[in-house]
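Here's the structure we're looking at; comments come further down.
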Ligand code: ADP
Ligand code: MG
């Protein structure tokens, strides 16, 4: 299932109102300023009529000229202030959306992350939110002020000459009908254009995340094609949206021109019969001219809303992905806290409803303190055991308990605070070495840091680096070796003083010397902490207090190395081939 198939339910405008609500005062202020701008503009034809009257009757025009100048200056000043206030409000709406989306992103369940492309999510936060800016100013405000100005203009026209007004409204209603059929096309094209931006984000993420592999595989050309294709698709759809927007925009222009000509003809006839005078006709024609801007504003609002609601729908999809409850970070265990026990009881689990089961009733018990090794062929479900303990996923049935209490009943931050997890691929984030080490415990003091650096044998590395702990490690730690990355990950986990250490041993990351040192460290940690280690080396396995042998989503046997070599044929085989090969 892709993110685009997520059920959203609530309509887009609801979401927009949610983002706009905190800024309703400044939005209103901006709208009022726009209205004042529009009103001062509306006064102009009246003053112009007075001016023509004065001229016709040989009166002085100084007063009318002064009034006109005052109107023009006010119009410009209020107009500038209004557009600043509106733009500022719109930026605040974008900010609000970006904040809520980024917070939500950090809370996403891992199941949601599994089925989305990070680049696509990124496009939703960066690009789609940007579109809310125009939706807020042009759509909401345009509809409000443009609509009001339109109504006010029409009222004024009615006061000047109801007959000519009837002619004008008929023409404009025709234009409205045309635009009604165009709006959905703009919406569809906009959504597809934004989708293509998402696809491009995903493709970029894929390439930049593995640029070395792409280059080494000589695949630049093919990847380039995929990137270009996504960019071109966005272009195609944006052009389509632009085409329909242009048609809509010019329908307004055309309607006004037709109205102008019709009014001129009908009005001319009325002047000839003496029903109205020339000054009135001129004033009315000026009003027709003045209809252009509010009419275009309203039509622009309709078109913009189509683009905006497409973006809103994509934002809403992201906000509908399954997420964990909002968290405060929980305090880490203090130094004296006892180690945790772990138990799996008949755990069945699969990663998604349409995937096969990975655990078919896994059962084992690990007492507090000591070291337990998980061994078994690749794909047996060992890493999944750790993911379930961390509650990245929930089992379909069965129970997982920490300290005898179901992990589902733990407050999530507290559960995770008790655990130090070293993942198999030892992830390192871009930033400094210090950032990476303190990620799980920013409060760790220098003594603790120095101790951990020593036990993980990172002290030598830090001493060698010119910038020491402040050395930048590059995107995903590419400036570190695989072994160094793993030691950083272990140091990071140890700094959390975990009550339970989960160590997913990488198969061949550590050299012999460092491996021996870490083995001693882990043995040391296991004296005061519960250590679960997915082990690939005989040296690690033989050190364990108990070994859990897993195969194809089941626990085959539990025992010590000595017991299992004779009792379990799979273990004996693993010990003879895989472990021995990796041992030194
Ligand atoms: P092990 O660590 O023993 O090698 P894992 O627990 O990592 O095995 O994986 C067990 C099975 O689950 C494998 O078949 C793997 O392909 C599958 N698997 C692991 N992670 C995911 C995931 N996020 N989504 C779907 N399937 C997964
Ligand atoms: Mg694994």
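The values are calculated or read from the model by the stated rules, or taken from the named source; none is laboratory data. Remember, it's a predicted structure, so these values are computed and weren't measured experimentally. Here the Cβ positions follow ideal geometry from the backbone for every residue, glycine too, while neighbour counts run over all protein chains shown.
Just to confirm my filter: which strands (runs of 3 or more DSSP E) fall fully inside the stretch 320-403 and include at least 1 residues that are touching a residue at least 24 places away in the same chain (Cβ under 8 Å) and within 16 Å of ligand 2 (Cβ to nearest atom)? Write out each step before concluding.
Details: elements: 342-349, 359-366, 370-375, 397-402.
It comes to 342-349, 359-366, 370-375.
Identify, please: which residue in the stretch 530-540 is modelled with pLDDT of 90 or more and either within 16 Å of ligand 1 (Cβ to nearest atom) or touching a helix residue (DSSP H, G or I) at 6+ places or on another chain (Cβ under 9 Å) (or both) and is, among those, nearest to residue 573 (Cα to Cα)?
534
Do we find that residue 420 is more than 16 Å from ligand 2 (Cβ to nearest atom) and surrounded by fewer than 18 Cβ atoms within 10 Å (Cβ to Cβ) in this structure? Quick ask: steps written out before the conclusion?
Numbers: more than 16 Å from ligand 2 (Cβ to nearest atom): yes; surrounded by fewer than 18 Cβ atoms within 10 Å (Cβ to Cβ): no.
Taking the combined requirement at face value, the residue does not satisfy it.
Residue 386 is checked against (1) away from ligand 1 (no atom under 16 Å from the Cβ); (2) closer than 22 Å to residue 350 by Cβ and fails just one. What number does that condition carry?
For residue 386, the exception is condition (1).
Is it the case that the stretch 517-529 has a residue that's in a strand (DSSP E or B), touching a residue at least 40 places away in the same chain (Cβ under 8 Å) and crowded, with 22+ Cβ neighbours inside 10 Å? Let's see the steps before the verdict.
Initially, the stretch 517-529 is screened for residues in a strand (DSSP E or B), giving none.
Within the stretch 517-529, not a single residue is in a strand (DSSP E or B), touching a residue at least 40 places away in the same chain (Cβ under 8 Å) and crowded, with 22+ Cβ neighbours inside 10 Å.
Name the pairs whose Cβ atoms lie under 7 Å apart, with the first residue in the stretch 98-127 and assigned to a strand (DSSP E or B), the second modelled with pLDDT of 90 or more and buried (at least 18 other Cβ atoms within 10 Å of the Cβ), and 6 or more positions between them or separate chains?
Cβ pairs passing all conditions: 108/321.
Looking only at residues in the stretch 470-514 that are in a helix (DSSP H, G or I), over 21 Å from residue 526 (Cβ atoms) and under 31 Å from the mean Cα position of the chain (by Cα), which one is farthest from ligand 2 (Cβ to nearest atom)?
470
Only one residue in 242, 265, 275, 246 is in a loop (DSSP other than H, G, I, E, B), at pLDDT 85 or above and surrounded by fewer than 18 Cβ atoms within 10 Å (Cβ to Cβ). Which one?
275
Name the one entry in 180, 176 that is modelled with pLDDT under 90, out of contact with any strand residue (DSSP E or B) (no Cβ under 7 Å at 6 or more places or on another chain), in the same structural domain as residue 40 (by TED's automatic domain parsing) and loosely packed, with under 14 Cβ neighbours inside 10 Å.
On the way: 176 fails: loosely packed, with under 14 Cβ neighbours inside 10 Å.
Step by step, each of 180, 176 is checked, and only 180 is modelled with pLDDT under 90, out of contact with any strand residue (DSSP E or B) (no Cβ under 7 Å at 6 or more places or on another chain), in the same structural domain as residue 40 (by TED's automatic domain parsing) and loosely packed, with under 14 Cβ neighbours inside 10 Å.
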